[in-house]
Amino acid sequence: MNINVHKFGGTSLKDAPFIINVANIIQQQNKPMIVIVSAMGKMTNALEEIVKSVFYKKDNPTEHLQKIKNYHSEIIYQLFHLHHPYKAKEVETQIHPYWQNIEQYINQPVSSPYGQIYDQIVSIGEIVSSIIVSEYLNTIGIYNTWADIRKILITDNHWRAASVNIPLSQNNFSEYLLPLINDQSILLTQGFIASTAHHYSTTLGREGSDYTAALLAYFVDAKELTIWKDVDGVLNADPRYFKNTQKIDELTYYDAIEMTYYGATVIHPNTIKPIQNKNIPLKVKSFLNPSTQGTIIHHPKNYQKITTYSYLPHQILISLQSNDYSFFAETHLHKTFQIINDFSVKINLMQNTALNFSICTTNDEIIIHPFIRELQKHFKVLFNENVAILTIRHYTPTLLQAIVHDKEILLEQRTRHHVQLVLKEKK
Ligand code: ADP
Ligand code: ASP
Ligand code: MG
């Protein structure tokens, strides 16, 4: 069977007209297909506010929840009231237990770690969204089967960034979901969420539904995976930071990983590996212009290298020196990496000299403050906040010169194809 996998993110499902647009796109695709949806609009952020409110006992979590309920009710009303008023009620009834579930967290004393509560509450955004979309599609004759992906994708209990047990999840998929798929099927499920072996919900990290889509494409040996976005495809630079961006027609898996790892947030960096491993083409297409070609990520025959720019904002550059002027060599590096590992710090760039070791990482206060305090017990620590990493692939010296001339550069690394600059961020 040639199964296609399609993923629709929060932006494509932000209101009723957008959901109707997604329904039109789904109707035009070849079956069988698996459709993966995220929470609607900015609902993951909104659910995060409830978690903070419950855990830190600030604001009013019930008010946050009410806004979320109203947002979904408005969408349900707009989708169903005109032609299927009874259906609106039915869908409200279907999602009601999930709101009650959140209410229990609001009303009970906090008795679990932050991340665990986060995953139980935030995952409901995906469940509710998928129920509404699935019901809407069925109502207008786009028949689909809804599945709870938490019964299939099993992870560890590393809350908020759980690791999927691939062999176990693959087995579950083959046993429970694959038999549901035939030539005419549409299987609709959620991205981003999973569960532990003990049936607690987990999440795979923010923006993680692209990764779910890639995993499911991997499990079914999909013909292709299409990720629908609000841009024409992968652009040669992040449009939020660069003007005059250009759409890239095709990219290698390799370049796609390098771009996304260093800030091209159009696709989650974890997405590429599973599809590369099975040579599945990944299309990034615009849900606003579905007939345009988009970008294809695969093994191109004649690859035209394109200069791409990725930007990682909110970084901190930390420089370490030994306290006694000894070389910053194996023993110091060993200690440094132990601390990095203990604090789960993700290094985006590193460099060393005889006496100095520098690392650049995301400036996440909750991790970075205790991390620096620990480093200070062993080394002299200097740091620069408000920096960013600019990564340019397939650069030319002239082009580089034009880019750097007006920037304050704190650190630079180059290979023949790839240059990375740690820059002072513009205020
Ligand atoms: P989703 O709705 O699936 O969550 P996102 O909003 O996370 O989608 O991703 C799409 C956004 O990614 C675009 O609107 C754009 O601002 C941003 N983006 C960052 N880098 C790039 C890039 N290189 N090409 C295209 N879009 C990019
Ligand atoms: N809803 C989740 C988020 O906003 C996952 C996703 O959209 O990919 O991070
Ligand atoms: Mg997103």
Counting only protein heavy atoms and leaving out ligands, DNA and RNA, the solvent-accessible surface of Asp156 at a 1.4 Å probe, in Å² to the nearest 10, equals 70 Å²
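Just how large is the dipole of the chain about the Cα centre, in debye to the nearest 20, putting +1 at every Lys and Arg Cβ and -1 at every Asp and Glu Cβ?
Working: 38 positive and 38 negative charges, 124 e Å.
Dipole size: approximately 600 debye.
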For the chain, what is the percent of antiparallel DSSP beta bridges, rounded to the nearest 5? 60 percent
Would you grab the residues whose amide H sits under 5 Å from the one on Leu204? Only those 5+ places off in sequence or on another chain, please, with H modelled 1.01 Å from N. Ala162
List, largest first, the extents of the alpha carbons of the chain along their principal axes, each in whole Å. 75, 59, 42
Debye calc, one equal point scatterer per Cα of the stretch 219-261, no solvent, log10 I(q)/I(0) at q = 0.15, 0.24, 0.27, 0.31 1/Å comes to -0.47, -1.02, -1.16, -1.26
How far, in degrees from 0 to 90, does helix 16-27 lean away from the longest principal axis of the Cα atoms of the chain, to the nearest 10? 80 degrees
Tilt relative to the chain, helix 124-139 - C-alpha long axis, 0 to 90 degrees, to 10: 40 degrees
Report the label-to-label distance for Glu374 and Ile306 in nanometres (one decimal), using points 7 Å from each Cα along the Cα→Cβ vector. 4.1 nm
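Only Cα pairs under 8 Å and at least 6 apart count here; give the relative contact order of the stretch 128-256 as a rounded whole percent.
With pairs under 8 Å counted, the relative contact order is 20 percent.
Would you calculate the convex hull of the Cα atoms in the stretch 1-155 and tell me its volume per residue in Å³? Numbers along the way, then the final one.
On the way: hull volume 17.6 nm³, N = 155.
In the stretch 1-155, the Cα hull volume divided by residue count equals 114 Å³.
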State, to one decimal in nm, how far the label point of Asp183 lies from the label point of Ala402, with both points 7 Å from Cα in the Cβ direction. 5.4 nm
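Going by the alpha-carbon gyration tensor, a ≥ b ≥ c the square roots of its eigenvalues, is the stretch 77-233 rounded (a/c under 1.5) or, if a/c is not under 1.5, prolate (a/b greater than b/c) versus oblate?
On the way: a/c = 1.74, a/b = 1.06, b/c = 1.65.
Here the stretch 77-233 falls in the oblate category.
Out of all DSSP beta bridges in the stretch 135-215, what portion is antiparallel? Express it as a percent rounded to 5. Intermediate values should be presented prior to the final figure.
Values: 4 of 8 bridges.
That works out to approximately 50 percent antiparallel.
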Expected max-MSF residue from Pro397, Pro109, Pro274 in the GNM of the chain (alpha carbon, under 10 Å) is Pro397
Hits among aspartates and glutamates - C-alpha to C-alpha of Lys229 under 18 Å, sequence gap 8 or more where chains match: Asp15, Glu126, Glu207, Asp210, Asp238, Asp249, Glu250
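Accessible area, 1.4 Å probe, largest first: how do Ser111, Ser130 sort?
Values: Ser111 105, Ser130 0 Å².
Listed by decreasing accessible area, they come as Ser111, Ser130.
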If the cut-off is a Cα-Cα distance under 20 Å, which lysines reach Lys380, setting aside same-chain residues fewer than 8 apart in sequence? Lys335
Using bins 10 angstrom wide from zero, how does P(r) for the stretch 227-319 break down, in % of all Cα pairs? 16, 50, 27, 6, 1
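Carbon and sulfur together cover what percent of the accessible area of the stretch 285-355 at a 1.4 Å probe radius?
On the way: 2240 of 4210 Å².
Reported share for carbon and sulfur atoms: 53 percent.
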Given contacts defined as C-alpha pairs under 8 Å and at least six residues apart, what's the relative contact order of the chain, whole-number percent? 13 percent
By accessible area of protein heavy atoms, probe 1.4 Å, what ranking do Phe327, Phe192, Phe337 get, highest first? Phe327, Phe337, Phe192
Dipole size in debye (nearest 20) for the stretch 12-133 around its Cα centre, Lys and Arg Cβ +1, Asp and Glu Cβ -1? 120 debye
Determine the order of Thr93, Thr202 by accessible area, beginning with the largest, at a probe radius of 1.4 Å. Thr93, Thr202
Rounded to whole Å², per residue accessible area for the stretch 72-166 with a 1.4 Å probe reads 47 Å²
Alpha carbon centroid spacing (whole Å) that separates the stretch 287-322 from the stretch 247-273: 5 Å
If amide H atoms are modeled at 1.01 Å from N in the peptide plane, then the residues at a separation of 5 or more from Ile142, or on another chain, having amide H under 5 Å from its own are none
Note to self: with every protein chain in place and a 1.4 Å probe, the stretch 357-398 gives an accessible area per residue in Å² of 49 Å²
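The values are calculated or read from the model by the stated rules, or taken from the named source; none is laboratory data. Quick caveat, the model's predicted, so the values are computed rather than measured. So basically every Cβ, Gly included, is an ideal-geometry build from the backbone, and we count neighbours across all protein chains shown. Only protein heavy atoms, including side chains, enter the accessible area calculation; ligands, DNA and RNA are left aside. Shrake-Rupley method; radii C 1.70, N 1.55, O 1.52, S 1.80 Å.
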